[in-house]
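*Asks:* Take this structure, written in structure tokens, and hold onto it; I'll ask about it next.
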Amino acid sequence: MCRNIRTLFNYDPPSSPADVEAAALQYVRKVSGYRSPSAANEAAFKRAVAEIAAATTTLLDSLETKAPPRDRGAEIAKARARNARRFRTA
């Protein structure tokens, strides 16, 4: 999985449409190999991002869980701590 795509399900506060759009954009960039498509491919690129964002929203709205929502701030703090251990500076 692309390292920039984050889990979007079961968070408090819930994922925003901007989060879904960013994940869709990262996915299309990864699959297509383009960071920024040429003018000839721009319409297809934008259409793919919109379709994947819509499918992601449908998926997130359909999922159910009994687990309590994770705290987004706490998860970010854990990730930063992991990165600090992983990329320790001398």
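*Asks:* Pairs needed: first member in segment 8-22, more than 11 Å from LEU60 (Cα to Cα); second member anywhere, aliphatic (A, V, I, L, M) and modelled with pLDDT of 95 or more; C-beta distance under 7 Å; at least 6 residues apart or different chains.
*Replies:* GLU21/ALA53
*Asks:* From the list ALA48, ALA53, exactly one residue is surrounded by 12 or more Cβ atoms within 10 Å (Cβ to Cβ), touching an Asp or Glu at 6+ places or on another chain (Cβ under 8 Å) and modelled with pLDDT of 95 or more. Which is it?
*Replies:* Working: ALA48 fails: touching an Asp or Glu at 6+ places or on another chain (Cβ under 8 Å).
From the options ALA48, ALA53, the qualifying one is ALA53.
*Asks:* Can you give me the number of residues within segment 1-54 that are of a type in the set (D, E, K, R), in a loop (DSSP other than H, G, I, E, B) and under 30 Å from ALA67 (Cα atoms)?
*Replies:* If we filter segment 1-54 for residues that are of a type in the set (D, E, K, R), which is where we start, we get 3, 6, 12, 19, 21, 29-30, 35, 42, 46-47, 51.
Right, trim to in a loop (DSSP other than H, G, I, E, B) and you get 3, 6, 35.
Now drop any that are not under 30 Å from ALA67 (Cα atoms), which leaves 3, 6.
Count: 2.
*Asks:* So which of THR58, THR7, THR89 is at pLDDT 95 or above and of a type in the set (S, T, N, Q)?
*Replies:* Working: THR7 fails: at pLDDT 95 or above; THR89 fails: at pLDDT 95 or above.
THR58 is the lone residue from the list that is at pLDDT 95 or above and of a type in the set (S, T, N, Q).
*Asks:* Please go through segment 40-55 and pick out each residue that is among the acidic types (Asp, Glu) and either under 14 Å from the mean Cα position of the chain (by Cα) or closer than 20 Å to PHE9 by Cβ (or both). If you could, list the steps in order and put the result at the bottom.
*Replies:* Going through segment 40-55, the residues among the acidic types (Asp, Glu) turn out to be 42, 51.
Residue satisfying the conditions is GLU51 alone.
The values are calculated or read from the model by the stated rules, or taken from the named source; none is laboratory data. Values in this document were obtained by computation on a predicted structure and should not be read as measured data. Counting neighbours? That spans all protein chains shown, and the Cβs are built from the backbone with ideal geometry, glycine included.
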